[in-house]
Amino acid sequence: MNILLAGFPDSETTGAGEPSQAERAEVLTVPLGTNSYEIHLGPKLLPQLGHLAARCVGGRRGCVVSNRSVARLYGSQTVETLRQAGMDVTLIEVPAGERSKCLRQARRLYHQFLAAGLDRASFVVALGGGVVGDLAGFAAATYMRGIDYIQVPTTLMAQVDSSIGGKTAVNLPQGKNLIGAFHQPRMVVADTDTLRSLPRREYRNGWAEVIKHALIADADFWALLEASVGPLLNLDTACVGHAVRRSCEIKVDVVRRDEREAGLRAVLNCGHTIGHALERIAAYGHLRHGEAVAIGLAAEAHIAVSRGMMPAADASRLEALLVAFGLPVRVDAPEPTAVIAACEVDKKRLAGKTRVPLPLRIGSVTIVDDVKPDEIREAVAHISR
Ligand code: NAD
Ligand code: GLY
C-alpha cells in the first residue's frame, strides 16, 4: 500500500481554477463551553485575520505582540488587515528567544499596553512562535485581570501545539513555565504559508511535538509520518497541511477532555519531564524546545523499555523517526544529578510526585508517578554521547 497517497490528501484531484484540498483553510473547534474557540488552519490566512478577528473580539483597540524578525516579515501585513477591519492597533516588539519568556518582559508589555490605551475590552494578538504566544498570552491573562487574545502562530511548534489549549507562562531561573495561567485564546489563526520563511532548524524543531502527538495517540498517523518524511521536510503543502491538522486534532481532543490538566492532559507532557530539565540545564537557548523534547522522548522511552512497559523495537522506531526529522536523540553527557534536581522542580509542583507520561507502544501512553532517581540516571546515560 502506498501509505502516502492513502493517507494524505491529493492536491491534484480538483478541477482547474478551484482551490485544491491542500489550499483550502480548515476550521477546527476547541469545544470548551464558554471558552470555546475556532482554529483556522491553512494557507493564505494572514490577510483574512482582520475579518476573522472582528468576529471574535469585543473591542476595537488592540496590540500585536511579536519579535523583530517575525514583525519584519509579517508585522505590517498583520497590522494592515486589522486596521482594514476597523481596529486601532499598535505593534509591540519583544526580543527573540526563550529568555524573553520572563517576568521582566511581561512587565514591559503591561506598560506598553497602558501606553497604547488598552482597557478591559481590548485585545492582544500574539504573532510569532511559542515564545511570543506564551508571553503575550500570559500578559493578556493578567493585564486588568484578563483580556482577550488571538494566537497567530508562525512556527510549526506553535501551529501544532503551543497556540492551542490556553497554557500561558513565563520562566523563572529555577524552571520553565513556573509562573503562568490558563487563559484560552478567542481564536487561533495558523497560516501555513508562514512556515516557508522558517529557518530549517526551527522547522525541524516543530516536528518533535508532531511525533509526540502521533506517539501518544495515533499509530496510523505515525505510519504516515514514517512514510512521508521527505515530502514533509520539503514542505509539501498537502502533506504538511494534513500533518498540522491531525496534530491539532489530537491536542484538541485531549484539551477538550481535560482543559486544566486535572489528569489526562498530562499525556501531552510526554518527553517533557527530562526535556524541560535538559532545556533548563542548557540555560534556555542552546537547545531549542523541540530538540530538548526529542531527547526527552528518547530518554523517557528508555525508562519505559527498562520497566518492560514498551517494546524495545518501538523505542528504536521512535529514535529513528526523530533522527529522520533531523532532531537530536543524544546530548553531550549532562550531569545526572543536575537532571534529577531539575526534574524535582516538577515534583514540587505536584505534592511530591512527578507525573511522567511513559509510552506503552507507538500510539499509546500511560501516566506513572513513581519514576525513581536511578531510572532518570540510567536514562541520562542512555541519551549521553
Ligand atoms: P520561538 O517562539 O522561539 O520561535 C523560534 C524562532 O523562529 C524565533 O527566533 C522567531 O523569531 C522565529 N520565527 C518565528 N516564526 C517565523 C517565521 N514564520 N519565519 C521566520 N522566522 C520565524 O520557538 P518555538 O519553538 O515556536 O516555541 C518554543 C516555546 O513554546 C517554548 O518556550 C515552549 O515552552 C513553548 N511551548 C508552549 C506550549 C504551550 O502549550 N503553551 C507548548 C509547546 C511549546
Ligand atoms: N504542551 C502541553 C500542554 O499543552 O498541555
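Every number here is computed from the coordinates shown, using simple stated rules; none is lab data. Please read these numbers as outputs of a predicted model, since none were measured by experiment. Methodologically, a virtual Cβ is constructed for each residue, glycine included, from the backbone with ideal geometry; neighbour enumeration extends over all protein chains shown.
Can you give the FRET efficiency for Glu344 and Gln84, using 1/(1 + (r/R0)^6), R0 = 45 Å, r = Cβ-Cβ distance, to the nearest 0.05? The value I calculate is 0.30. With N as its number of residues, the chain has a Cα radius of gyration that, divided by 2.2 N^0.38 Å, comes to 0.96. Please report how many Lys pairs in the chain have alpha carbons closer than 23 angstrom, counting only residues at least 8 apart along the chain or sitting on separate chains. Number of lysine pairs found: 24.
The trypsin sites (Lys or Arg not before Pro) of region 211-304 that meet both conditions, a loop assignment by DSSP and at most 12 other Cβ atoms within 10 Å of the site Cβ, are Arg260. The sum of -39500 (n - 2.57) across all DSSP H runs of n ≥ 4, divided by the residue count of the chain, sets its helix-only mean residue ellipticity at 222 nm to -14500 deg cm²/dmol.
Residues Thr90, Thr168, Thr273 in ascending order of nearby Cβ atoms (within 10 Å, fewest first): Thr90, Thr273, Thr168. Calculated over region 176-304, the projected area of the Cα convex hull averaged across directions stands at 8.9 nm².
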